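Everything below concerns the one structure shown next.
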Amino acid sequence: MKIKKFIVLVSALLPVFVSGIFTTTTKDVYAATSPTLSASSAYSILGASEVTCTGATTITGNVGVAAGTSITGFPSPCSVSPGTTQSNTQSAIDAQADNLTTFGALNQGCDYSYPSGQDLTLISPLEPGVYCSAGSFLLSGNLTLNGSGVFIFKTVSTLITSPGSSVTSSDSCNVWWRVGSSATLDTQLRLLEIFLLSRP
């Protein structure tokens, strides 16, 4: 699996371990806005306590952790190219502070709300807006994001992806995932220029 500039800012293990009916509330569409990354923009993966990579993966961009120090799986079976690993360095500490600011900025009003366990693939394609889950979001296949605008996906708990799942968007720099606890990114996940943050 090759991840190119998929910024993952999470507090738990990353890519962490692989392991029909829904309701939606439609409101007047909010003008969702993208926050600006600064120190964290140099990182593809940033954890608070530890980062663990368990399968062959190439990361483009830095991999870091702060205030924890554990980075496992680098340089093998996973690699960083180009980039470095940063274990509780000043760079990682500054990026984590930026993560906290960005996480707060993504706490915007919900346009659409779903119960825990909603598979976004089943309601794809989606238009710009803020999508909220009472617990977790799942991806079991391809999630298509249509239109120009900001997409924010907010979960109370987790994001879990299945093997071979993907996200495609015409405006991928404005796609954000605000994850309450942890993200499980399975093998062959295809994402490009999509930003995922979890509570620092």
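The values are calculated or read from the model by the stated rules, or taken from the named source; none is laboratory data. All values reported here derive from a predicted model rather than from experimental measurement. Virtual Cβ from ideal backbone geometry, glycine too; neighbours counted across all protein chains shown. For the accessible areas, the whole protein counts, side chains as well, though only heavy atoms, and no ligand, DNA or RNA atoms are used. Shrake-Rupley method; radii C 1.70, N 1.55, O 1.52, S 1.80 Å.
Looking across Ser198, Ser148, Ser166, Ser172, one residue alone is within 11 Å of the chain's Cα centre (by Cα), modelled with pLDDT under 95 and of a type in the set (S, T, N, Q). It is Ser198.
Applying the criterion of being touching a Gly at 6+ places or on another chain (Cβ under 9 Å) and modelled with pLDDT of 85 or more to the residues of the stretch 15-39, the residue that is nearest to Thr121 (Cα to Cα) is Ala32. Residues in the stretch 97-123 that are surrounded by fewer than 16 Cβ atoms within 10 Å (Cβ to Cβ) and either at positive phi or of a type in the set (D, E, K, R) (or both): Gly117 alone.
Scanning the stretch 72-96 for residues that are at pLDDT 95 or above, open to solvent by 40 Å² or more (accessible area, probe 1.4 Å) and not hydroxyl-bearing (Ser, Thr, Tyr) yields Asn88, Gln90, Ile93, Asp94. The combined condition, being assigned to a helix (DSSP H, G or I), surrounded by fewer than 22 Cβ atoms within 10 Å (Cβ to Cβ) and aliphatic (A, V, I, L, M), is not fulfilled by Ala67.
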